[in-house]
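The values are calculated or read from the model by the stated rules, or taken from the named source; none is laboratory data. From a predicted model like this one, the values you see are computed outputs, not experimental measurements. Cβ atoms come from the backbone with ideal geometry, glycine included; neighbour counts cover every protein chain shown. Heads up: the accessible areas ignore ligands, DNA and RNA and are worked out on the full protein's heavy atoms, side chains in. Shrake-Rupley method; radii C 1.70, N 1.55, O 1.52, S 1.80 Å.
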Amino acid sequence: MLSSLAPGCDRRDPGDPLGAETGFTIRDSADIEIVENHSPEYPPERFWRMDMEPEIVLGDGDGSFPAGDSAHLIWQVSGLARLEDGRIAVLSRGNRQLYLFEPTGELSRVMGREGQGPGEFGGPAELQYLPPDTLAVWDSWFGPVNYFNTDGELIRTWSVDLDKVMGAASGVTAESRRIPLADGSFVTEIVKDDPNLQPSVGVSVRLPIEFVRVEQEYAIRSLGTWEGWEVVGVDFGGLVGPGFTYLDAFLAAGSDPPSIYMADGTRDEIRQFSFGGRLVRIIRRSTAPLRVSDEGHQAWVTYLATPWATFPGGEDRAEAVLRAIPRRDFHPSVAGLLVDPAGYLWVSGWSASEVGGPDRWSVFSPEGRWVGVLPAPTLEVPCNRLSNPCWMGTDFFLAIRLDELGRALVEGYRIRRDD
């Protein structure tokens with residue numbers, strides 16, 4: 001263990017493996033391990049690769065829905081996972097059902113239906129895959145959790161006592177989001193919303209979010225308060241109101257020992273917590289922020305506008321919001337977090353290509369070491385655990401893409417590790 005950080009020097013562009021600083025530095029501070037990464041361990045030509053074309057596409061129909069076509073099932077997707085046998089699990093909030101697809105795209109299992117009884121969904125919000133053979137569906141509004149085996153059979157159901165949660169964590173409501181953890185506990189959010197929030201047109205503010213872990217006995221462990229939604233003042237045809245543009249708080253869970261990773265886009269660091277809520281590691285990169293050009297800003301605005309087009313009348317509202325978005329000088333350092341089954345942390349971010357959305361992943365070992373950077377397909381729908389589903393496996397990445405008509409597709413991209 002080194003007692004101090006290496007001497008300072010010029011900072012490199014993100015993802016550049018040939019900067020002046022190399023390697024990494026580790027130090028302890030009040031029993032917290034701090035890993036300062038100066039460069040990836042492997043250069044791009046020696047690191048893993050992600051295919052730029054999908055190997056699997058679900059929902060790619062022509063809209064006519066002939067017999068056997070399951071394209072109409074892929075809408076309002078709220079959860080994704082790839083099972084160990086290669087099947088794809090897709091949770092549809094719109095249809096209130098959980099589907100299993102063969103790698104060929106053929107629908108093989110349907111679980112659940114609308115309702116409030118065992119095995120039924122009111123508003124399925126989260127899909128949790130517990131390898132090798134269990135799928136859990138968490139209902140919204142603190143509804144029940146239904147556990148199925150991968151043959152489609154209901155195993156058990158349990159419910160959270162919302163009154164106890166609200167009594168333990170002031171600010172939690174029935175609308176608060178739940179992020180399930182492997183031990184049956186969950187993380188929920190408390191948005192520090194100001195009902196009188198009225199920013200001036202073109203002025204942006206942040207709504208802080210506190211994250212808390214709720215144990216099975218309803219003990220509460222705070223994970224701190226983080227920068228949340230960016231809210232900008234918007235002129236909606238003479239009426240000024242708040243417009244929510246982008247979420248900068250990110251959360252992922254996994255690894256061994258079980259950990260919760262959190263970050264916000266304003267800092268190039270990830271904080272790793274134990275399930276007990278103790279901060280055990282801070283993971284940093286000593287890289288320079290990536291400056292946004294005029295072309296990059298326009299691409300960024302267009303990228304943010306894409307999801308709005310899927311809602312009736314959304315384009316007009318989006319135009320007003322996007323006109324008011326202040327120009328960012330730099331891209332956020334973090335655009336999303338995922339943890340794969342091997343415990344590697346994947347951090348989404350931007351390259352200098354100015355394509356609008358995040359288009360590369362930085363990968364960190366379970367020990368917090370920055371091992372490499374690999375290009376990735378640019379998705380129209382941001383890959384964010386707190387707002388849009390995606391899933392990272394050891395050899396596959398699943399995400400949502402919008403086609404030219406605004407229809408959702410589930411795409412699977414092969415990851416080639418070549419260890």
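A compact table of results
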{"quantity": "Longest to shortest principal axis, alpha-carbon extents of the chain, angstrom", "calculated": "62, 54, 48"}
{"quantity": "Average silhouette area of region 131-197, convex hull of alpha-carbon atoms, in square nanometres", "calculated": "5.5"}
{"quantity": "Euclidean distance between Cα centres, region 129-171 to region 344-358, Å", "calculated": "32"}
{"quantity": "Over the chain: helical MRE at 222 nm, DSSP H runs n ≥ 4 each giving -39500 (n - 2.57), nearest 500", "calculated": "-2000 deg cm²/dmol"}
{"quantity": "The chain: most fluctuating residue of G143, G167, G276 per GNM, C-alpha cutoff 10 Å", "calculated": "G167"}
{"quantity": "Added length on full extension, which subtracts the Cα-Cα distance from 0.36 nm per residue, E45 to W141", "calculated": "29.9 nm"}
{"quantity": "Cα-based shape type of region 243-378, given that a ≥ b ≥ c are square roots of the gyration tensor eigenvalues and the cut on a/c is 1.5", "calculated": "prolate"}
{"quantity": "Segment F330-M166, extension gain: residue separation times 0.36 nm, minus the distance between their alpha carbons", "calculated": "55.2 nm"}
{"quantity": "Fraction of accessible area attributable to carbon and sulfur, region 132-182 (%, probe 1.4 Å)", "calculated": "48"}
{"quantity": "Gyration tensor (Cα) of region 83-150, equivalent ellipsoid semi-axes in angstrom", "calculated": "20, 13, 9"}
{"quantity": "Shape of region 323-387, Cα gyration tensor, a/c cut at 1.5", "calculated": "prolate"}
{"quantity": "Approximate spin-label separation A182-D31, in nm, with each point projected 7 Å along Cα-to-Cβ", "calculated": "2.3"}
{"quantity": "For region 92-234: accessible area per residue (Å², 1.4 Å)", "calculated": "45"}
{"quantity": "GNM result for the chain, Cα springs below 10 Å: residue of R360, R323, R369 fluctuating most strongly", "calculated": "R323"}
{"quantity": "Accessible area in the full protein assembly, largest first, 1.4 Å probe, for W229, W370, W391", "calculated": "W229, W391, W370"}
{"quantity": "Accessible surface, 1.4 Å probe, highest first, among residues E354, E45", "calculated": "E45, E354"}
